[in-house]
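Asker: Once you've had a glance at the structure underneath, I'll fire off some questions.
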Amino acid sequence: MFVIMVYDVGEERLPKVLSIGRRYLTWVQNSVFEGEISDANFIRLKDNLSKVIDKKYDAITFYILRTTAYLKKENLGVIKGESTTII
Amino acid sequence: MKKTIYIFSIGEIKRKGNTLCLIKENGEKKYVPVSEISSLMIFGETTFNKRLLEFLSSNEITLHIFNHYGYYMGSFYPKTHYNSGFMTLKQCEHYLDYAKRLILARKFAEGSLRNMLRNVIYYHNRKGGLSSTIKFLEDASLKLREARTVEEVMAVEGQAKEQYYISFNTIIDDAEYHYEKRERMPPKSRLDALLSFGNSLLYVTVLSEIYKTHLDPRIGFLHATNYRKFSLNLDVAEVFKPIIVDRVIFTLTNKRMLDPSCYMEELGGVYLSEKGRKNFIEQYEDKLKQTISYERMRVSYQRMIRLELYKLEKHLIGEKEYEPFVTQW
């Protein structure tokens with residue numbers, strides 16, 4: 001499945017969330033990740049994140065698409081990061 | 001499905017923050033999600049250290065290296081995680097017992113032939129003029145059944161392939177890709193360059209898939225096992241070459257997706273340039289992801305390769321006889 005992850009967390013926990021995100025998804029913009037992920041790894045990702053965030057204060061949202069068939073992406077301005085397999 | 005990452009950039013690959021990081025020449029950092037990668041294919045000039053290899057090994061990622069001309073140079077094949085003495089013994093048994101080896105060799109050649117035939121029939125229906133090739137390939141399938149040695153099987157397959165490549169002159173519209181003789185080391189024509197590059201990509205894809213099964217890539221059946229090479233991946237790749245590599249080539253050439261800047265001439269041979277390789281890989285990856293229906297399931301070609309290996313495992317342990325995958329169209 002394809003996941004878009006957006007997060008809004010306290011400054012002191014930001015680096016932790018960033019480094020966990022990078023293990024599973026591609027960084028696209030500040031506080032935004034996206035990418036293809038397996039069901040098992042998605043559970044792992046959520047589990048790892050819930051260990052570092054403060055549940056009373058932080059917010060993380062996942063937009064989940066079963067396939068990218070209905071996804072259309074548009075960009076304005078610079079493209080900061082994108083998920084490609086040819087680098 | 002885990003992805004294959006192709007690296008063309010110059011720079012350093014590092015383990016950083018428990019994930020992979022590519023630091024390009026200009027200092028730009030590119031992070032790659034480690035848990036969604038199955039293999040790395042390295043074309044560019046990169047440096048890496050033992051720490052990275054350890055990290056790849058623990059994440060079960062195979063690393064493959066290609067040289068300046070796009071030739072496959074070698075792999076870092078991590079400590080196999082699916083070790084099975086039983087399967088290795090069975091594989092050896094099927095290699096050492098000549099009758100059993102011949103059966104498998106014949107099956108691989110048959111798969112290859114029948115898939116070539118599908119391609120030729122498809123283009124015969126669209127463009128015509130290939131009936132003699134169809135006849136030749138059908139005869140070759142019959143001859144295959146009579147082959148008594150693995151060498152004979154290879155000879156029949158080789159002759160069929162020669163005829164099949166001649167039919168490319170009808171299939172491909174562009175006169176730039178005229179086929180006369182298959183030459184490798186170095187490839188002499190543009191078509192040779194495409195075939196060589198495509199085949200080596202497929203060998204590596206199959207090798208990466210073998211890593212995910214209990215099979216040992218060193219013991220092949222059609223291609224003899226020798227002292228230095230992986231050979232099982234060559235066997236299985238034979239079945240898929242016509243439907244993956246050749247079809248990618250037809251798309252690239254008939255849709256005119258390659259221009260002269262996609263090639264480079266060096267050392268008396270024709271090779272794909274970086275741009276050409278990237279174009280090829282894009283189409284190749286699309287092809288691997290393309291799904292077909294197989295036994296009422298939607299299965300990608302990449303997955304088909306793995307299923308083929310599972311079928312082979314079943315054959316080796318004597319559960320079900322191996323039948324090569326033959327495309328329906």
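Asker: Taking strands (runs of 3 or more DSSP E) that do not extend beyond the range B:267-317, which have at least 2 residues that are within 14 Å of chain A (Cβ to nearest Cβ)?
Answerer: Values: elements: B:269-272, B:291-294, B:297-300.
Answer list for the range B:267-317: B:297-300.
Asker: Of all residues in the range B:13-46 being surrounded by fewer than 16 Cβ atoms within 10 Å (Cβ to Cβ) and farther than 15 Å from A:Ile86 by Cβ, which is nearest to the chain's Cα centre (by Cα)?
Answerer: The first filter runs over the range B:13-46 and keeps only residues surrounded by fewer than 16 Cβ atoms within 10 Å (Cβ to Cβ), leaving B:18, B:24-29, B:45.
The next check asks that each one be farther than 15 Å from A:Ile86 by Cβ; those that pass are B:18, B:25-29, B:45.
Values: B:Asn18: 31, B:Glu25: 31, B:Asn26: 34, B:Gly27: 34, B:Glu28: 33, B:Lys29: 31, B:Glu45: 23 Å.
Going through the qualifying residues, I end up with B:Glu45.
Asker: Another question, if that's okay. Being at the interface with chain A (Cβ under 7 Å from one of its Cβ atoms) and without any contact (Cβ under 8 Å) to a residue 40 or more places away in the chain is the filter here; which residues of the range B:4-19 pass it?
Answerer: Answer for the range B:4-19, where residues must be at the interface with chain A (Cβ under 7 Å from one of its Cβ atoms) and without any contact (Cβ under 8 Å) to a residue 40 or more places away in the chain: B:Ile5, B:Ile7, B:Ser9, B:Gly17, B:Asn18, B:Thr19.
Asker: Of the residues B:Ile249, B:Ile243, which single one is β-branched (Val, Ile, Thr) and touching a Ser or Thr at 6+ places or on another chain (Cβ under 6 Å)?
Answerer: Exactly one of B:Ile249, B:Ile243 is β-branched (Val, Ile, Thr) and touching a Ser or Thr at 6+ places or on another chain (Cβ under 6 Å), namely B:Ile243.
Asker: Can you list the strands (runs of 3 or more DSSP E) lying wholly within the range A:20-87 that have 3 or more residues being within 30 Å of B:Gly44 (Cβ to Cβ), under 10 Å from the mean Cα position of the chain (by Cα) and of a type outside the set (Ser, Thr, Tyr)?
Answerer: Correct list: A:26-29, A:32-36.
Asker: Quick test for you: out of B:Ala155, B:Ala160, pick the one residue that is without any contact (Cβ under 8 Å) to a residue 60 or more places away in the chain, buried (at least 22 other Cβ atoms within 10 Å of the Cβ) and hydrophobic (A, V, I, L, M, F, W, C).
Answerer: The conditions single out B:Ala160.
Asker: Let me ask something additional. Given the options B:Leu52, B:Leu102, name the one that is outside any loop (DSSP other than H, G, I, E, B), farther than 17 Å from B:Ala237 by Cα and at pLDDT 90 or above.
Answerer: Sole residue among the options that is outside any loop (DSSP other than H, G, I, E, B), farther than 17 Å from B:Ala237 by Cα and at pLDDT 90 or above: B:Leu52.
Asker: Which of (1) loosely packed, with under 15 Cβ neighbours inside 10 Å; (2) within 13 Å of chain B (Cβ to nearest Cβ) does A:Lys51 not meet, given it meets every other one?
Answerer: Failing condition for A:Lys51: (2).
Asker: Kindly provide the set of residues from the range A:34-55 that are modelled with pLDDT of 90 or more and of a type in the set (Lys, Arg), ordered by number.
Answerer: A:Arg44, A:Lys46, A:Lys51
Asker: Please state which of the following conditions B:Ser57 fails to meet, knowing it meets all the rest: (1) part of a loop (DSSP other than H, G, I, E, B); (2) small (Gly, Ala, Ser); (3) more than 12 Å from every other protein chain (Cβ to nearest Cβ); (4) surrounded by 15 or more Cβ atoms within 10 Å (Cβ to Cβ).
Answerer: (1)
Asker: Still on this structure, I have one more. Of the residues that make up the range B:170-187, is at least one more than 25 Å from B:Glu308 (Cβ to Cβ), crowded, with 19+ Cβ neighbours inside 10 Å and touching a Gly at 6+ places or on another chain (Cβ under 7 Å)?
Answerer: yes
Asker: Residues in the range B:70-88: is at least one on the phi < 0 side of the Ramachandran plot, in a strand (DSSP E or B), within 21 Å of the chain's Cα centre (by Cα) and within 11 Å of chain A (Cβ to nearest Cβ)? Can you show your working first?
Answerer: Initially, the range B:70-88 is screened for residues on the phi < 0 side of the Ramachandran plot, giving B:71-73, B:75-88.
Now restrict to residues that are in a strand (DSSP E or B): B:72-73, B:75-76.
If we keep only those that are within 21 Å of the chain's Cα centre (by Cα) as well, we get B:72-73, B:75-76.
Now restrict to residues that are within 11 Å of chain A (Cβ to nearest Cβ): none.
Within the range B:70-88, none of the residues are on the phi < 0 side of the Ramachandran plot, in a strand (DSSP E or B), within 21 Å of the chain's Cα centre (by Cα) and within 11 Å of chain A (Cβ to nearest Cβ).
Asker: Regarding the range A:16-26, can at least one residue be identified that is farther than 17 Å from B:Ile37 by Cα, more than 11 Å from every other protein chain (Cβ to nearest Cβ) and in contact (Cβ under 8 Å) with a residue 40 or more places away in the chain?
Answerer: Yes, some residue in the range A:16-26 is farther than 17 Å from B:Ile37 by Cα, more than 11 Å from every other protein chain (Cβ to nearest Cβ) and in contact (Cβ under 8 Å) with a residue 40 or more places away in the chain.
Asker: Out of everything in the range B:17-57 that is polar (S, T, N, Q) and touching a helix residue (DSSP H, G or I) at 6+ places or on another chain (Cβ under 7 Å), what residue ends up being farthest from B:Leu207 (Cα to Cα)? If you could, list the steps in order and put the result at the bottom.
Answerer: Filtering the range B:17-57 for residues polar (S, T, N, Q) gives B:18-19, B:26, B:35, B:38-39, B:46-47, B:49, B:57.
Adding the requirement that they be touching a helix residue (DSSP H, G or I) at 6+ places or on another chain (Cβ under 7 Å) leaves B:18-19, B:35, B:38-39.
Values: B:Asn18: 26, B:Thr19: 24, B:Ser35: 19, B:Ser38: 11, B:Ser39: 10 Å.
Among residues in the range B:17-57 that are polar (S, T, N, Q) and touching a helix residue (DSSP H, G or I) at 6+ places or on another chain (Cβ under 7 Å), the one farthest from B:Leu207 (Cα to Cα) is B:Asn18.
Asker: State whether the residues of the range B:204-224 include one that is part of a loop (DSSP other than H, G, I, E, B) and on the phi > 0 side of the Ramachandran plot.
Answerer: Within the range B:204-224, none of the residues are part of a loop (DSSP other than H, G, I, E, B) and on the phi > 0 side of the Ramachandran plot.
The values are calculated or read from the model by the stated rules, or taken from the named source; none is laboratory data. Quantities reported herein were computed from a predicted structural model and do not represent experimental measurements. Cβ sites come from the backbone with ideal geometry, for glycine too, and all protein chains shown count toward neighbours.
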